Amino acid sequence: MRFAEPGMLAFLVLPVFAIAALGLGVWLRRRSVTRFGEPATVEAQLKRPSPYLRAAKGITLVLGTIALVLATARPQYGGRIQMLKKRGIDVVVALDFSKSMLAQDVRPSRLDRAKLELTEFIKQLTGDRVGLVAFAGDTIRFPLTSDYAAATAFWRDLGPYDMPVGGTAIGKALTAAVRMLRPDDSPAEDQPNLAQRSKVIVLLTDGEDHVGDPVAAAREAAEKEITIHVLGIGSDSPELIPRYLDDGTPMGYQKTNDGEYVTTALTAANEDSLKEIASLTSGRYFRAGSDLSGMTAVVQEIRNMKQTEIEARQITVYEEVFQWFLAPAVFLLALAFAIPERRWWRRRRTA
């Protein structure tokens with residue numbers, strides 16, 4: 001048994017003092033009566049309240065007060081684990097739509113592989129909100145939603161040639177994702193309502209970055225308590241980038257103005273940059289595989305975050321048993337006021 005309000009137990013000192021005072025009074029009275037003669041004879045001559053009734057009244061009053069104090073301290077019994085309402089996580093996926101993602105070193109292409117990974121990821125979300133940032137040289141956003149079908153439809157038919165600006169701006173994409181998760185410039189502790197849900201950015205890219213400072217954007221995310229998991233897509237060997245007409249017809253490969261073929265690779269330097277982005281926010285870097293193992297690992301990381309939240313929101317619930325003491329307290333206090341101080345039956349016989 002435990003007490004929810006243990007501070008109330010301090011009031012038990014009052015009944016203790018009352019019992020001590022009552023005992024002392026009875027002892028002093030008996031001592032005084034004995035000095036005058038035989039106690040029974042002296043008591044019979046005294047027209048005073050009965051000491052026994054007064055003692056019974058006092059003891060009942062003290063016991064009732066003790067029971068009332070214990071009831072006020074809210075005694076509790078047992079204990080069971082209860083889970084508070086499960087919270088989801090806010091996730092923004094930043095998907096690279098630069099032309100280098102058309103490279104086919106990962107089948108069917110880097111972009112198609114990223115979309116397959118993203119589809120698998122969304123299928124495994126439960127109770128989370130997801131937003132999307134499609135980026136090349138600039139960004140296109142889809143706000144946070146729990147409508148996974150609508151989110152999937154947003155990027156399903158989107159391609160590099162639909163982006164308003166070419167190039168690759170990972171830093172700008174991360175900044176846009178941070179703004180979606182933290183709508184203003186306040187730190188997380190200044191946004192208690194928004195801070196209730198964990199914030200995650202999942203970056204899918206081949207690592208080539210031509211604009212901005214992605215490391216600075218990652219530091220900003222870390223300051224706002226946002227975790228970034230990165231999925232690198234591509235091989236470490238140079239790969240040609242296909243070219244397409246507006247109707248999707250293949251037109252050879254990308255070339256520079258000098259007629260040289262443009263190649264792309266997920267180089268060791270690019271991977272180091274992506275790993276730094278993840279590590280700055282306590283996130284992880286994964287390499288996409290042909291078996292979707294990369295995104296599966298990201299999903300597992302997010303599940304681990306949710307499990308940590310769930311375990312933190314477990315509480316122990318105890319059964320309230322104050323009524324075990326409240327009912328006796330009411331009875332004893334009522335009895336204390338009902339007990340007379342004089343023996344009325346003796347007065348009736350003498351009359």
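Compute the length gained on full extension between Tyr148 and Arg219: take 0.36 nm times their separation in residues and subtract their Cα-Cα distance, giving the result in nm to one decimal.
Working: separation 71, 0.36 × 71 = 25.56 nm, distance 2.91 nm.
Gain on stretching Tyr148 to Arg219: 22.7 nm.
The modelled label-to-label distance between Ile339 and Arg107, using points 7 Å beyond Cα along the C-beta direction, is 9.5 nm.
Sort 136-148, 55-67 by packing, meaning the average of other beta carbons within 10 Å per residue, with the highest value first. Write down the numbers at each step before the final one.
Working: 136-148: 16.6, 55-67: 19.0.
Descending packing order for the listed peptides: 55-67, 136-148.
Checking the Cα-Cα distances for Lys99/Lys255; Lys172/Lys255; Lys255/Lys275; Lys199/Lys224 against a 20 Å cut-off, the pairs over it are Lys172/Lys255; Lys255/Lys275.
Glu319 to Gln124: FRET efficiency via 1/(1 + (r/R0)^6), r the Cβ-Cβ distance, R0 35 Å, to the nearest 0.05?
On the way: r = 38 Å, r/R0 = 1.10.
Working from the Cβ atoms, E equals 0.35.
Distance between the pseudo-spin-label points of Arg303 and Ala56 (7 Å out from Cα toward the beta carbon): 7.1 nm. Roughly what would the spin-label model give for Asp162 and Asp236, points 7 Å off Cα along C-beta, in nm? Placing both labels 7 Å beyond Cα along the Cβ direction yields 3.4 nm. Residues whose amide H comes within less than 5 Å of that of Gly131, counting only those at least five positions distant or on another chain, are Val91, Val92, Val93, Thr145 (H built at 1.01 Å from N in the peptide plane).
The mean sequence distance of close C-alpha pairs (under 8 Å, at least 6 residues apart), as a share of the length of the range 90-312, puts its relative contact order at 22 percent.
Here, each number is a calculation from the coordinates, and none is a lab measurement. No experiment lies behind these values; they were computed from the predicted model shown. In this analysis, Cβ positions are derived from the backbone assuming ideal geometry, glycine residues included, and neighbour counts consider all displayed protein chains.
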